[in-house]
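J.: Pasting in a structure now, in structure tokens, and then I'll have a few things to ask.
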Amino acid sequence: MDIQCLTADLSVAPQILARDMPAIAQAGFRALLCNRPDGEAPDQPGYAELERAAAEHGLQMRYLPAESGKVSDAQGVAFGQQLAALPKPVLAFCRTGMRSTTMWALSQADRMPLPQIIDTAAKAGYDLQGVVRRIVNGGKTPVEVADASHAVVIVGGGAAGIAVASSLLARSPGLDIAILDPAPVHYYQPGWTMVGAGVFDAATTARTMASVLPRGVQWLPAAVAAFEPERNAVILDGCRVVKYEQLVVCPGLKLDWHAVEGLPETLGRNGVTSNYRYDLAPYTWQLVQQLKGGRAIFSQPPMPIKCAGAPQKAMYLSADHWRRTGVLGAIDIQFCNAGAVLFGVADYVPALMKYVQAYGIHLNFGQTLVSVDGPARQAVFKVAQPDGSHQQVTHAFDMLHAVPPQKAPDFIRVSPLADVAGWVDIDPGTLQHKRFANIFALGDVGNTTNAKTAAAARKQAPVVAHNLLAQRGVTRGEVKYDGYGSCPLTVERGKIVLAEFTYGGKVAPSFPKWLIDGTQPSALAWYLKERILPPLYWDGMLKGREWMAQPDRVA
């Protein structure tokens, strides 16, 4: 924990974990104030989980969440009220501590001289110059005063952001690039399916952000609050302003855990898990090993979601373990899918159906998870009826692998960059924004119809890099993305149905059929996912090496 003291009554910190509570209590704190909304990151524990852990150690806890960079004056007042009411000393936290510090500053604006606020925050490691500019400017952030300016600004340091930065530098060494992302850790999220099956150790899927950033790229560990595309400016957490000549938007998507009533409160216990969270994937494997009989439910929400095959992957690998250990016959496996088909590309369905039948899986289409009662081990699903109406059905469970609904991040959905559904509005081929010519987007946040997978981002990064540099006069012509996506469906330990397709569900294999027939389970495809794809990700995709990913020039 990195706890920084602001006053005798208040300290601030980045995200804390349940296991930190004993040390927090021992340090003398009596209360906690959480300023971070749930679901901002795949390694973030929920508030309910932290509140339980706090209570076990005699700590009071309150929830005052704020969107990153959008702390309001009213929230500043509420922060001051909470601070006054809670037993002291208080520890406030968010993703980095910046929101908590900003709320404190706003609560003190009429009580403490502004230079003293700046100095106090600076000693704790937080730059509040932008917040003070906002205070003196009547609550508005003046974008004309830039804290930094770069040729290319990339929002998001995930697979898409790092890959496109490396692709840009491979084509234009020395290009002035900044990446905006507050996360200190970069995750290989495709590996979490394997963690949930006991194949990978979770730690192998995580590296520090600093270690994966391309050399020469400036990292600004801050969250984006808003976009001012007409002024080529991005407003950051803490009311700081960064200007750009060109902008690349790729912050991923948001896992909306709270869209399912009761789910945040029971994640990680009561047999409820999800491979969509870094810290829960090991719990999936624990549950799979412990289950000897009963009902296991695997849910899939409405599209779009990150890696549409992931819910099935967890199910098949779990069933395979139960078969290998001789308990499959005692386990009732239910796949509750909000969609109407097993997989969106029909060519791969026959092979998957053979495994569904072999494992005795019951398919329930048109069923959307709406609430979970963890202690009672019951899950409620909304069931679509032929006449368009809905009913509710309750399933008891011994194990529930839950996948939450997913949407664009809040700061994207309310921005000028979004379409009516909240996704960044881009051309499906060039990946250029439809209204702002110097803005591009890739990865999960775009409104393109491709599968939201790392394989898609790997193909998109060179397209964005080329077309962006064409605007700068560095490259010539235009290239287009064909909608390629890949989903290695882990149907059993040692075999994969390697689904590869482009826009419209057109099958697009990368290998000759005699080597890997993607429509059939393949041991070689398993070897590819287990042994080849992780180093290809870390040492290829993130380094700008575009093996089998070079875009075709069309203009």
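J.: Among the residues of region 467-485, what is the count of those that are of a type in the set (D, E, K, R) and closer than 10 Å to Arg553 by Cβ?
T.: Residues in region 467-485 being of a type in the set (D, E, K, R) and closer than 10 Å to Arg553 by Cβ: 3 in total.
J.: Among what's in region 273-310 and is under 26 Å from Thr325 (Cα atoms) and among the charged types (D, E, K, R), pick the residue that is modelled with the lowest pLDDT.
T.: Asp279
J.: Moving to a separate point now. What are the residue pairs meeting all of these: first residue in region 360-381, first residue closer than 20 Å to Gly294 by Cα and open to solvent by less than 30 Å² (accessible area, probe 1.4 Å), second residue aromatic (Phe, Trp, Tyr) and in a strand (DSSP E or B), Cβ atoms under 6 Å, and 6 or more apart or on different chains?
T.: Ile361/Phe335; Leu369/Phe381
J.: Is it true that Ser100 is among the small types (Gly, Ala, Ser), open to solvent by less than 20 Å² (accessible area, probe 1.4 Å) and touching a residue at least 40 places away in the same chain (Cβ under 8 Å)?
T.: Working: among the small types (Gly, Ala, Ser): yes; open to solvent by less than 20 Å² (accessible area, probe 1.4 Å): yes; touching a residue at least 40 places away in the same chain (Cβ under 8 Å): yes.
The answer is yes for Ser100.
J.: Based on what the data block shows, is Ile426 within 30 Å of Arg476 (Cα to Cα), surrounded by 19 or more Cβ atoms within 10 Å (Cβ to Cβ) and either at pLDDT 95 or above or polar (S, T, N, Q) (or both)?
T.: yes
J.: Specify the residue that is nearest to Ser274 (Cα to Cα); the eligible residues are those in region 385-405 that are touching a Lys or Arg at 6+ places or on another chain (Cβ under 9 Å), in a strand (DSSP E or B) and open to solvent by 40 Å² or more (accessible area, probe 1.4 Å).
T.: Among those that are touching a Lys or Arg at 6+ places or on another chain (Cβ under 9 Å), in a strand (DSSP E or B) and open to solvent by 40 Å² or more (accessible area, probe 1.4 Å), it is Ala396.
J.: What are the residues in region 109-157 that are modelled with pLDDT under 90, among the aliphatic types (A, V, I, L, M) and touching a helix residue (DSSP H, G or I) at 6+ places or on another chain (Cβ under 9 Å), if any?
T.: Ala109, Met112, Leu114, Leu128, Val131, Val132, Ile135, Val136, Val143, Val145
J.: Checking the conditions here, which among Asp176, Asp147, Asp201 is surrounded by fewer than 19 Cβ atoms within 10 Å (Cβ to Cβ) and within 24 Å of the chain's Cα centre (by Cα)?
T.: Only one candidate qualifies: Asp201.
J.: I'd like the full set of residues that are under 27 Å from the mean Cα position of the chain (by Cα), open to solvent by less than 60 Å² (accessible area, probe 1.4 Å) and hydrophobic (A, V, I, L, M, F, W, C), limited to region 322-351.
T.: Matches in region 322-351: Phe335, Cys336, Ala338, Leu342, Phe343, Val345.
J.: If you take the residues in region 1-30 that are under 23 Å from Glu67 (Cβ atoms) and not polar (S, T, N, Q), which one is most open to solvent (accessible area, probe 1.4 Å)?
T.: Asp2
Here is a yes/no grid of residues against (1) without any contact (Cβ under 8 Å) to a residue 40 or more places away in the chain; (2) under 23 Å from the mean Cα position of the chain (by Cα):
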{"position": "Ser389", "(1), (2)": "yes, no"}
{"position": "Gln392", "(1), (2)": "yes, no"}
{"position": "Pro405", "(1), (2)": "no, yes"}
{"position": "Val420", "(1), (2)": "yes, yes"}
{"position": "Leu442", "(1), (2)": "no, yes"}
{"position": "Ala461", "(1), (2)": "no, yes"}
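J.: With respect to Met353, determine if the residue is free of Cβ contacts under 8 Å to residues at least 40 places away in the same chain and hydrophobic (A, V, I, L, M, F, W, C).
T.: yes
The values are calculated or read from the model by the stated rules, or taken from the named source; none is laboratory data. Here the structure is a predicted model, which means the values were calculated and not measured. Note that each Cβ is placed from the backbone with ideal geometry, even for glycine, and that neighbours are counted across all protein chains shown. We work out accessible area using only protein heavy atoms, side chains counted, and drop any ligands, DNA or RNA first. Shrake-Rupley method; radii C 1.70, N 1.55, O 1.52, S 1.80 Å.
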